[in-house]
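What follows is calculated from the coordinates using simple rules that are stated; it is not laboratory data. Small disclaimer: the values here were computed from a predicted structure and weren't measured. We place every Cβ from the backbone using ideal geometry, glycine too, and count neighbours over all the protein chains shown.
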Ligand SMILES: *Cc1c(COP(=O)(O)O)cnc(C)c1O
């Protein structure tokens, strides 16, 4: 059996360090905003190439607090429109709704699954004030074109980086912040999730915002901590959304392995791309650079139900990211009449195959052989 994702095996690689850091946390008993939180925020900001990082309780809160932070700073106001990809995890869209803003659903480029710049241009009206670009499945969005467009039209460009920790590129464009062009430093602000299955995953929930804007950093630091800078002094109406100190300690350990893990994911992806020759499977687009960290290896197949039965029979784990597009979810029924044919087409055909840094060479080989017999 090749599991879709073996979290035990992933985290067991760090067992000794995780246990030691847990013991230290238990002795220190500084559970909320302790020294690990601060250290992780500094280390993660440095990793991303930003001035600041604020830990949050999860990725959805990180996204929501970026938008609420912009409202706090009068850069956005209630009812403003925000462009989002139609084919994303529902959290991207929920964050817009939770911040009392209005999502504008935009179709992807069917090759990369990321926002199509032409569709973004078509969807931009006077009321649109921001764009959330999702680096879906770990691959950078069309950042160069989106940055240029955002700059020319005075739009706030936000990254949903929940699937792309560590992806990077070189940019030939002036940005709000300086080099290196790593995920988290490309837009005005970025939201990360440390949900256990992500490329950098905690042993529970966690999230973070990265930005180089000091005012936004201050606003979000307060918003996530009851609107407070100083204990029991509340300046704004805040939330409780802090990153647990013990999770921050675990993340500090796992951050050290992130680049090597991403490199392993890319190497496995290359093997798949070279080895899988079955014409029934449409393989993902990859330009071979470090702009992809393969959170998911997504193929398209005409008869997905039949393919899943084949995978089950051959003991290969699989998942669908995601089976129902957000605008067809019951919770978002006000958007159900939208015409989004590319998104709907993709959602019927996509399926994610196992890809993670703990897959062995033998497992990868056997997977390729089996897929070629379908
Ligand atoms: C996982 C994910 C989120 C939300 O993260 P949580 O930590 O689960 O709240 C947001 N956006 C995308 C694209 C994600 O994959």
Next on the checklist: Return the Rg/Rh ratio of the range 21-124 with Cα-based radii and a Kirkwood Rh.
Outcome noted: 1.10
Item to check | Spin-label model distance (nm) - residue 230 vs residue 360, 7 Å beyond Cα toward Cβ | outcome: 6.0 nm
Next on the checklist: Test of understanding: ordering 115, 251, 283, 26 by Cβ neighbours within 10 Å, fewest first, what list do you get?
Outcome noted: 26, 283, 251, 115
Checklist outcome for this item: Of 43, 274, 144, the most mobile residue in a GNM of the chain (C-alpha springs, cutoff 10 Å) is 274
Checklist entry - If you bin every alpha carbon distance in the chain into 20 Å steps from zero, what whole percent lands in each bin? => result 29, 58, 13, 0
Next on the checklist: Quick check: residue separation of residue 372 and residue 42 times 0.36 nm, minus the Cα distance between them. What number comes out in nm?
Outcome noted: 114.2 nm
Checklist entry - Once the piece of chain linking residue 98 and residue 342 is laid out straight, how much longer is it, given 0.36 nm per residue of separation minus the C-alpha distance between them? => result 85.2 nm
Next on the checklist: Can you tell me what percent of all Cα-Cα pairs in the range 113-213 are more than 18 Å apart?
Outcome noted: 45 percent
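Grab the Cα-Cα distance for residue 314 and residue 109, subtract it from 0.36 nm times how many residues apart they are, and report the gain in nm with one decimal.
The residue 314-residue 109 span can extend by a further 70.6 nm.
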Checklist entry - Which residue fluctuates the most in the chain, going by a Gaussian network model with Cα springs under 10 Å, if the choices are 215, 230, 159? => result 230
Item to check | the range 103-156, Cα convex hull volume normalised per residue, Å³ | outcome: 75 Å³
Checklist entry - What is the order of 133, 1, fewest Cβ neighbours within 10 Å to most? => result 1, 133
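Would you mind ranking 209, 298 so that the residue whose beta carbon has the fewest other beta carbons within 10 Å leads the list?
Taking fewest neighbouring Cβ atoms as first place, the list is 298, 209.
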Item to check | Calculated P(r) tail over 25 Å for the range 258-371, as whole % of Cα pairs | outcome: 30 percent
